[in-house]
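Undergrad: I'd like to ask you about the structure that follows.
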Amino acid sequence: MNIEFTSRRARLHDGVKELFEKKLGKLEKVLPPNVQAHVILRGENKGVSLEVTVVGRQRTWTATEAGVEQESMAYAVLERIEAQIRKSKAKVKEEKKHRPSALKAAKGAAEEAAEAPTSRPATALRPEVVVARPTFEEDALHKFVKWNRDVMVYRDPSDESFQVLYRRRDGTIGLLTPT
């Protein structure tokens, strides 16, 4: 882990630097690789403020503390950073627990398709009256694509035969020509 120390209008004690290196080194076990930490100490009117930012691959953890005693502020900031890291690590584990792997999802979908009944259950018929207007095939297809129904009946103007356009389950369109 790469740790950068910055002091502005104050001096960071050597013991506090060692504390950060020791504690952040321990947190390296639960952090992603190539993590960088920035420790900034600012001198203010009534003491100092300590800010720690740990930048990972996809996440940034930040904690700030103000006071007079640098060592106690360092412990408080490190405790907050550790809590944030453990919380985000637990979220990732929980998401992985509830999300099936791609292989299991594919197997589950294949099993469901095999178990699903191939025919639809019988339901009551609802009669619908439609007028089969004379329409050319291209025009009927154009209307049907815009239309939000599964079946369209029209008459071919050349031979006055009925034609039926229907939408298949896979989304493609079929044409029936009764004989």
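The values are calculated or read from the model by the stated rules, or taken from the named source; none is laboratory data. In this text the structure is predicted, and so the values were computed from the model without any measurement. Because the Cβ atoms are built from the backbone with ideal geometry, glycine has one as well, and the counts that use them run over all protein chains shown.
Undergrad: Just to be sure, is I40 closer than 23 Å to G15 by Cα and surrounded by 15 or more Cβ atoms within 10 Å (Cβ to Cβ)?
TA: It is true that I40 is closer than 23 Å to G15 by Cα and surrounded by 15 or more Cβ atoms within 10 Å (Cβ to Cβ).
Undergrad: Now for a different question. Among (1) surrounded by 11 or more Cβ atoms within 10 Å (Cβ to Cβ); (2) at pLDDT below 90; (3) over 21 Å from the mean Cα position of the chain (by Cα), where does E111 come up short?
TA: All conditions pass for E111, except number (1).
Undergrad: Residues in the stretch 56-67: is at least one surrounded by fewer than 15 Cβ atoms within 10 Å (Cβ to Cβ), more than 27 Å from the chain's Cα centre (by Cα), at pLDDT 90 or above and in the same structural domain as K93 (by TED's automatic domain parsing)?
TA: Yes: one or more hits.
Undergrad: Only residues that are exposed (fewer than 10 other Cβ atoms within 10 Å of the Cβ) and touching a residue at least 12 places away in the same chain (Cβ under 8 Å): list them for the stretch 150-176, please.
TA: Residue satisfying the conditions is E160 alone.
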